[in-house]
Amino acid sequence: MIDEIRKDAAQRMEKSIEALKGELGKLRTGRAHTSLLDHITVEYYGSEMPLSQVATIKVEDARMLSVTPWEKEMVAPVEKAIMTSDLGLNPATAGTVIRVPLPALTEERRKEMIKLVRHEGEKARVAIRNIRRDAIHNLKSLLKEKEISEDEERRAQEVIQKLTDRHIEQVEKLLESKEKDLMTI
């Protein structure tokens, strides 16, 4: 029972870390990277498809991405999807290749991005603490039903707390690295 609660909490905390990585990946730094366009979807034969499933995305240089749709008819929809995304990018089409220049970040925009990064980090920390709270609640229910002893419950709580601390530390490292990345010109 205790082991199941610990495993469940660990899995859910890992998912929170993965979600944070996904959110941080969407935030644009000064450098081009292909994951920047990961969340963009394109209408493809009546259904929404991720951009990476209808085109090849490559980094041309530090400030330029190139997107090459696999079908010639997809050039216009892909360009439109990039343009209407929340990234504020202006793609330029040359034949079947769509070039996406990334404008340099201003100091003000960098500070806004850091606020967003910290906000995402706080959401991840809250999610991890909520998982800890749920796990401890489950342990207390087991204690109440006399399925485990007080000593087992206390030891399990310590394990859950260490797990929480480890995941919060991971969040801090991710935030620190992203902030450093944002401040690099």
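The values are calculated or read from the model by the stated rules, or taken from the named source; none is laboratory data. Since the structure is predicted, the reported quantities are computational estimates derived from the model, not experimental observations. Glycine also receives a Cβ, built like all others from the backbone with ideal geometry; neighbour counts cover every protein chain displayed.
If I filter segment 142-185 down to residues being of a type in the set (S, T, N, Q) and surrounded by 14 or more Cβ atoms within 10 Å (Cβ to Cβ), which single residue comes out as farthest from Ser16 (Cα to Cα)? Give the derivation first.
In the first step, residues of segment 142-185 are kept if they are of a type in the set (S, T, N, Q); the result is 149, 157, 161, 164, 170, 177, 184.
Keeping just the survivors that are surrounded by 14 or more Cβ atoms within 10 Å (Cβ to Cβ) gives 157, 164, 170.
Working: Gln157: 20, Thr164: 11, Gln170: 11 Å.
By that ranking, first place goes to Gln157.
The residue list Glu18, Glu71 contains one member that is surrounded by fewer than 14 Cβ atoms within 10 Å (Cβ to Cβ), modelled with pLDDT of 85 or more and more than 21 Å from His119 (Cα to Cα), which is Glu71. Pairs are defined by a Cβ separation below 9 Å, a sequence spacing of at least 6 or placement on different chains, a first member in segment 112-139 that is assigned by TED's automatic domain parsing to the domain that holds Glu176, and a second member that is of a type in the set (S, T, N, Q) and modelled with pLDDT under 90; the pairs so defined are Met113/Thr29. Scanning segment 98-110 for residues that are surrounded by 13 or more Cβ atoms within 10 Å (Cβ to Cβ) and either touching a Gly at 6+ places or on another chain (Cβ under 8 Å) or over 30 Å from Trp70 (Cα atoms) (or both) yields Leu102, Leu105, Arg109, Arg110.
Entry remark, segment 85-107: residues being free of Cβ contacts under 8 Å to residues at least 40 places away in the same chain, of a type in the set (S, T, N, Q) and in a loop (DSSP other than H, G, I, E, B) number 3 in total. Filtering segment 153-168 to residues that are within 14 Å of Ala10 (Cα to Cα) and among the acidic types (Asp, Glu) leaves Glu158, Asp165. Is it true that some residue in segment 123-137 is farther than 28 Å from Met183 by Cβ, surrounded by 12 or more Cβ atoms within 10 Å (Cβ to Cβ) and in contact with a Pro (Cβ under 7 Å, 6 or more places away or on another chain)? No, every residue in segment 123-137 fails to be farther than 28 Å from Met183 by Cβ, surrounded by 12 or more Cβ atoms within 10 Å (Cβ to Cβ) and in contact with a Pro (Cβ under 7 Å, 6 or more places away or on another chain).
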